[in-house]
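As structure tokens, the structure follows; a few thoughts come after it.
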Amino acid sequence: MENKKEMRTWLDDLNLSHPLVIAGPCSAETEEQVLKIAHELKDTDVNYYRAGIWKPRTRPGMFEGVGALGLKWLQKVKEETGMKTCTEVANSAHVKLALEHDVDLLWIGARSTVSPFIMQEIADALQGTDKTVLVKNPVNPDLALWLGGIERLYTAGVKNLGAIHRGFSTYEKSKYRNIPEWQLAIEFQNKFPDLPLINDPSHITGKRDMIFEVSQEALDLNFDGLMIETHHDPENAWSDAAQQVTPKALIQMMIDLKIRKTTDKEADYMNALSNLRAQIDIVDNQIIELLGKRMKAADGIGELKKSKNVAVLQSKRWNEILGKMVLEGDSKGLSEEFVLKMFKAIHQESINHQEKIING
Ligand code: PEP
Ligand code: MN
């Protein structure tokens, strides 16, 4: 599939002077809750009101959504506030019901994007619709699977499309609920510059006090919009309580977020700059992670030397490493002086570690 300008017509037609904002609760809980939050978001910069009706939960026995009943509440939201509405669909029955109840935008959740069978079923059910459909990234960091979902919809004649970046699940300990892997989102943007890309900081962070910084990062990377879970009483929400913000906090956030200038020249410059900065941030994190791994291996050697009562400093091996790294560095445009300085610092840290182990 190639980049297609027509995919973003729905967004351009909104003629927004700010990034797109989708807000509303993780789950529709009661009619009163849905309408209360909607009224608090009315007359703000929120463009679409979201509420999950069918909730994919990792374990059974948790709140799995109010089901089709909630679609009536969304219709009331539209009647009473004039806001456009959206919800998640995960099979053909959901699609049929959502279309019958005139939901304006449908999104496909991370747990559905991973399954080509489900994606195809949804695409078939949506055949030729003029509704907007957004595809969340799959749970695992697989760009092809994400694009595959969009392709299935496009081939089924769905032209108003977009993607939602909600982070990726990981085994590694992380401050995020779902790690952002920004480089994947950047790659996605480079391949499909006209496909609207929305960031979902709620599911990336899992914590309301981190939502602002991730939203700003997304705007700096030129995302087209944000989807932020919003609840009038977040602590008591029936799902995702830790990551929802109040309407008041959301409105303040929309004031505080810096939106980048959009004059063409300026936008190109900022775009290039923030892409490069994002790449540097990613590599810096990798450097620290690798140094941590290297130090762990050095600790292992320390333990071995201790068991055999061998001296810490092995200068022959060390001189071999340095010689090799100076040559490697040269081939990457790094000066001998820099490579020597850097490796001496790394080596010193290894020696400190090993001495602690041997004397410990
Ligand atoms: C949601 O938006 O409430 C949701 C379930 O998201 P995800 O598919 O990203 O987990
Ligand atoms: Mn949620």
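The values are calculated or read from the model by the stated rules, or taken from the named source; none is laboratory data. This structure is a prediction, so every number in the text was calculated from the model and none was measured. Every residue, glycine among them, receives a Cβ derived from its backbone with ideal geometry; neighbour counts consider all protein chains shown.
On the given criteria, is Met227 closer than 26 Å to Ile186 by Cα, touching a strand residue (DSSP E or B) at 6+ places or on another chain (Cβ under 8 Å) and away from ligand 1 (no atom under 15 Å from the Cβ)?
In short, no.
In the stretch 276-293, is there at least one residue being surrounded by 12 or more Cβ atoms within 10 Å (Cβ to Cβ), closer than 19 Å to Ile186 by Cα and either over 27 Å from the mean Cα position of the chain (by Cα) or among the basic types (Lys, Arg) (or both)?
Yes, some residue in the stretch 276-293 is surrounded by 12 or more Cβ atoms within 10 Å (Cβ to Cβ), closer than 19 Å to Ile186 by Cα and either over 27 Å from the mean Cα position of the chain (by Cα) or among the basic types (Lys, Arg) (or both).
How many of the residues making up the stretch 153-212 are away from ligand 1 (no atom under 12 Å from the Cβ), part of a loop (DSSP other than H, G, I, E, B) and over 18 Å from Thr230 (Cβ atoms)?
Qualifying residue count, the stretch 153-212: 19.
I need the full set of residues from the stretch 258-286 which are within 17 Å of Phe212 (Cα to Cα) and free of Cβ contacts under 8 Å to residues at least 60 places away in the same chain, in order please.
Scanning the stretch 258-286 gives Lys258, Arg260.
Please find, within the stretch 86-131, the residue that is surrounded by the fewest Cβ atoms within 10 Å (Cβ to Cβ) out of those that are polar (S, T, N, Q) and closer than 29 Å to Asn178 by Cα.
Among them, the one singled out is Asn91.
Right, Ile150: within 16 Å of ligand 2 (Cβ to nearest atom), in contact (Cβ under 8 Å) with a residue 40 or more places away in the chain and closer than 14 Å to Met7 by Cα or not?
Taking the combined requirement at face value, the residue does not satisfy it.
Quick one: in the stretch 230-254, which of the residues that are assigned to a helix (DSSP H, G or I) and either within 16 Å of ligand 1 (Cβ to nearest atom) or at pLDDT below 95 (or both) is nearest to Lys4 (Cα to Cα)?
Within the stretch 230-254, the match that is nearest to Lys4 (Cα to Cα) is Leu250.
Restricting to the stretch 301-333, name every residue that is outside any helix (DSSP H, G or I), small (Gly, Ala, Ser) and either closer than 27 Å to Gly360 by Cβ or touching a strand residue (DSSP E or B) at 6+ places or on another chain (Cβ under 7 Å) (or both). Steps first, please.
Step one: filter the stretch 301-333 for residues outside any helix (DSSP H, G or I), giving 309-314, 332-333.
Now narrow it down to the ones that are small (Gly, Ala, Ser): 311, 333.
Result: Ala311, single match.
Let's see how each residue does on (1) crowded, with 18+ Cβ neighbours inside 10 Å; (2) modelled with pLDDT of 95 or more; (3) at positive phi:
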site: Val135; (1), (2), (3): yes, yes, no
site: Val139; (1), (2), (3): yes, yes, no
site: Glu151; (1), (2), (3): no, yes, no
site: Gly157; (1), (2), (3): no, yes, yes
site: His165; (1), (2), (3): yes, yes, no
site: Glu172; (1), (2), (3): no, no, no
site: Lys175; (1), (2), (3): no, no, no
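All but one of (1) out of contact with any strand residue (DSSP E or B) (no Cβ under 8 Å at 6 or more places or on another chain); (2) more than 21 Å from Arg111 (Cα to Cα) hold for Tyr176; which doesn't?
Every condition holds for Tyr176 apart from (2).
Among the residues of the stretch 1-39, count how many are within 17 Å of Gly70 (Cβ to Cβ), more than 16 Å from ligand 2 (Cβ to nearest atom) and hydroxyl-bearing (Ser, Thr, Tyr).
1
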